[in-house]
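Colleague: One structure, pasted below without further comment.
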Amino acid sequence: MVDDALSRVRRARKIYRDLAAFYPYAHCELDFATPLQLLVATILSAQTTDVGVNKVTPDLFARYPDAAALAGADREQLEALIKPTGFFRAKADSLIKLGDALVENFGGEVPRRMAQLVTLPGVGRKTANVVLGNAFGVPGITVDTHFGRLVRRWHWTQEEDPVKVEAAVGALIPKRDWTMLSHVVIFHGRRICHAKRPACGACPIARLCPSYGIGETDPAKARTLLTFELAPGAAPPAASAPSAASAPSVLAAPSAPAAPSELAVAAPVPSAGPGIAGSPASPVATAADPETV
Ligand code: SF4
């Protein structure tokens, strides 16, 4: 599939629209109620799953409810609380320094601008975009491992550097859609377009994807690879191989509702609830693969 610039924009926007329709409930899967909580949870999510982070944050947020409390945290107690998330010494160090910096430079509040956020310890553009998009409603593109892998598979860009990926994708998709784009792409990467065995035969955007066929194309086998439940009452679409006769822009919506038993669900773990923006709780199981948001 060779695209000129305009075709690439059209195909990218079509993929986004189809994924947004397929995952209308996509949202940040970290549990939080304040910008600080989201910032802390996002730092903790490096090299582990959102599910794992959500298990430790209730106690963490209760013990350290604000930046000043984090700044004054007893290191051993903090490390013990976050140990299950891995790299707990480095993360504890980041959180204490984060609390310090927020108190010293921002009156204890999480700043609302990218340029300010990235001055904070442990905060890069990826973390800043998560906070901007989900706590402050400022559109942001979150380039994590899933996002980078998928947009390269879709030939939106071949860049490996996350900052360059962010810029390339930002040129394809309208800014107002950046936060939701991040959610649906990451949802798709966690649930269908896996790093090792993408479930191409159960993929709702198979006909738009230039990498169709790098994974399992047999629909029945592909369904066994899914690590999610689609949505209440929905079934995986009957993906079919792209052909010369099927225009890339034609994609069937998810098919008729099916019994939940048709869905291959791996270790479902219900989401604990909505985030600050009031996004719906996920009805889905969450991924087992580590992610680096
Ligand atoms: S067709 Fe395959 S490679 Fe393309 S997005 Fe779907 S699962 Fe991923």
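Colleague: As an exercise, use a Förster radius of 25 Å and the Cβ-Cβ distance of Leu6 and Ala115 to find the FRET efficiency, rounded to the nearest 0.05. Don't skip to the end; give the middle numbers.
Modeller: Working: r = 33 Å, r/R0 = 1.31.
Computed FRET efficiency for Leu6 and Ala115 comes out at 0.15.
Colleague: In debye, nearest 20, what is the charge dipole magnitude of the range 89-226 about its Cα centre with +1 on Lys and Arg Cβ and -1 on Asp and Glu Cβ, if you could check?
Modeller: Magnitude of the dipole: close to 440 debye.
Colleague: Rg and Dmax in Å for the range 35-135, alpha carbons only: what are they?
Modeller: 12.2, 32
Colleague: For a 21 Å ceiling on Cα separation, which of these pairs sit above it: Lys91/Lys126; Lys83/Lys164; Lys14/Lys175; Lys164/Lys196; Lys55/Lys83?
Modeller: Over 21 Å Cα-Cα: Lys83/Lys164; Lys164/Lys196.
Colleague: If packing is taken as the average number of other Cβ atoms within 10 Å across a peptide's residues, how do 168-180, 200-212 rank, most packed first?
Modeller: 200-212, 168-180
Colleague: Which order do peptides 26-38, 73-85 fall in by mean Cβ count within 10 Å, highest first?
Modeller: The peptides rank, most packed first, as 26-38, 73-85.
Colleague: Next up: Among Leu102, Ile43, Leu70, which residue has its Cα furthest toward the positive end of the charge dipole of the range 35-135, with +1 on Lys/Arg Cβ and -1 on Asp/Glu Cβ?
Modeller: Ile43
Colleague: Working out 0.36 nm times the residue gap between Lys175 and Ala33, then minus their Cα-Cα distance, what length gain in nm do you get to one decimal?
Modeller: Contour length minus Cα-Cα distance gives 48.6 nm.
FYI, it's all coordinate maths here, none of it is from the lab. Predicted model, so just to flag it, every value in this text is computed and none were measured. Quick reminder, even Gly has a Cβ in these numbers, built from the backbone with ideal geometry, and neighbours come from all protein chains shown.
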